[in-house]
Amino acid sequence: MSLALRFDASASKVVIETQAKGMLAKLAHDLAIDAKGLSASASLEGESAKLELRAAVDQLAVDGVKKGGSIDRSTLSRSDRDDIERKIRADVLRGHEVVVAMDAPVGNLEAGRRTVEATGRVEVGGRSARVSSRCELTATDARVTASGRVKISLASLGITAPKGPLGAFRVDDDVEVVYSLAFDIAR
């Protein structure tokens with residue numbers, strides 16, 4: 001069976017979470033960075049799903065500072081946010097688009113909830129790295145939602161983890177991407 005899935009960007013969310021490391025990491029901030037302007041395509045061929053997700057680097061936006069299990073949107077000033085976003089775009093990701101291609105054995109896509117292992121690649125600026133994610137699929141007759149977390153090593157993509165002044169702290173090489181992607185089933 002072949003089934004087309006239509007991406008619903010308004011019901012989807014991708015957040016990149018960073019963590020500070022180093023001697024003075026307590027003075028730095030663990031960030032939540034929202035990937036806005038996402039595009040995606042997905043299809044179901046037999047019992048396997050294929051996904052391609054694209055995120056424009058110029059639309060990455062600092063959502064706030066992670067504190068415990070929540071996001072504090074009041075800690076950073078507008079100029080701090082602008083500075084971090086500029087560094088992400090110009091120094092870290094260098095304006096490249098982020099592309100993720102994943103495959104997952106989903107079995108018979110019936111209504112309900114199940115966990116699957118998705119594997120694939122993330123690409124930034126011509127360099128790519130293998131990734132995998134335990135993905136929670138929730139399906140109804142009209143919609144499929146895939147949610148989960150995936151760790152990505154910046155070094156595997158040839159990206160040097162950003163550092164603070166005088167190297168007092170740095171962003172951990174592993175960033176975690178938290179996602180919830182919604183697709184309408186096209187019949």
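For 102, 23, which order do you get if you count the other beta carbons within 10 Å of each Cβ and list the fewest first?
Working: 102 21, 23 9.
In increasing order of surrounding Cβ atoms, one gets 23, 102.
So between residue 117 and residue 161, what do we pick up on full extension, going 0.36 nm a residue minus the alpha carbon distance?
13.1 nm
Could you calculate the contour length gain from residue 56 to residue 142, that is, 0.36 nm times the residue separation minus the distance between their Cα atoms, to one decimal place in nm?
Fully extending the segment from residue 56 to residue 142 adds 28.2 nm.
Provide the gained length on full extension for the span residue 129 to residue 71, in nm with one decimal, where the gain is 0.36 nm per separating residue minus the Cα-Cα distance. Mind showing how you got there, number by number?
Details: separation 58, 0.36 × 58 = 20.88 nm, distance 2.84 nm.
Taking 0.36 nm per residue and subtracting the Cα distance, the gain is 18.0 nm.
Using the crude model of +1 on Lys and Arg Cβ and -1 on Asp and Glu Cβ, and no other charge, please compute the dipole size for the chain relative to its Cα centre, in debye to 20. Could the numbers behind the result be given before it?
On the way: 28 positive and 27 negative charges, 78 e Å.
Here the size comes out at about 380 debye.
Kindly write out, for the stretch 10-20 in residue order, the coupling ³J(HN,Hα) from the Karplus curve 6.51 cos²θ - 1.76 cosθ + 1.60 (θ = phi - 60°), rounded to whole Hz, with x marking Gly and Pro.
5, 9, 10, 8, 10, 10, 9, 10, 10, 9, 7
Lys pairs in the stretch 1-136, Cα-Cα under 16 Å, at least 8 apart or on separate chains: how many? List each step's numbers first, then the result.
Working: 13/36; 21/66; 21/67; 26/66; 26/67.
Taking the Cα cut-off of 16 Å, the pair count is 5.
Got a sec to turn the phi values of the stretch 154-161 into Karplus ³J(HN,Hα) couplings, 6.51 cos²θ - 1.76 cosθ + 1.60 with θ = phi - 60°, whole Hz, x for Gly and Pro?
4, 4, 5, 9, x, 9, 7, 4
Can you give me the Kirkwood hydrodynamic radius for the chain, using every pair of distinct Cα atoms, in Å to one decimal?
Values: mean 1/r = 0.0573 Å⁻¹.
For the chain, the Kirkwood estimate is 17.5 Å.
Treat the count of other C-beta atoms within 10 Å as a stand-in for reagent exposure and order 18, 138 from fewest to most.
Values: 18 23, 138 15.
If I rank by nearby Cβ atoms, fewest first, I get 138, 18.
For the stretch 2-186, what is the relative contact order in percent, using Cα pairs closer than 8 Å and at least 6 residues apart in sequence? Kindly include the intermediate steps, with their values, before the conclusion.
On the way: 448 pairs, mean separation 48.3, N = 185.
Reported as a whole number, the value is 26 percent.
Please compute the modelled spin-label separation between residue 21 and residue 3, points set 7 Å along Cα→Cβ, answer in nm with one decimal.
With each label point 7 Å from Cα toward Cβ, the separation is 4.0 nm.
At 0.692 mPa s and 37 °C, plugging the Kirkwood radius over alpha-carbon pairs of the stretch 66-135 into Stokes-Einstein gives what diffusion coefficient in µm²/s? Mind dumping the intermediate values first?
Working: Rh = 15.6 Å.
The Stokes-Einstein estimate is 210 µm²/s.
Every number in this text was worked out from the coordinates using simple rules, so none of it is lab data. These numbers were taken from a predicted model, which means no experiment stands behind them. Every residue, glycine among them, receives a Cβ derived from its backbone with ideal geometry; neighbour counts consider all protein chains shown.
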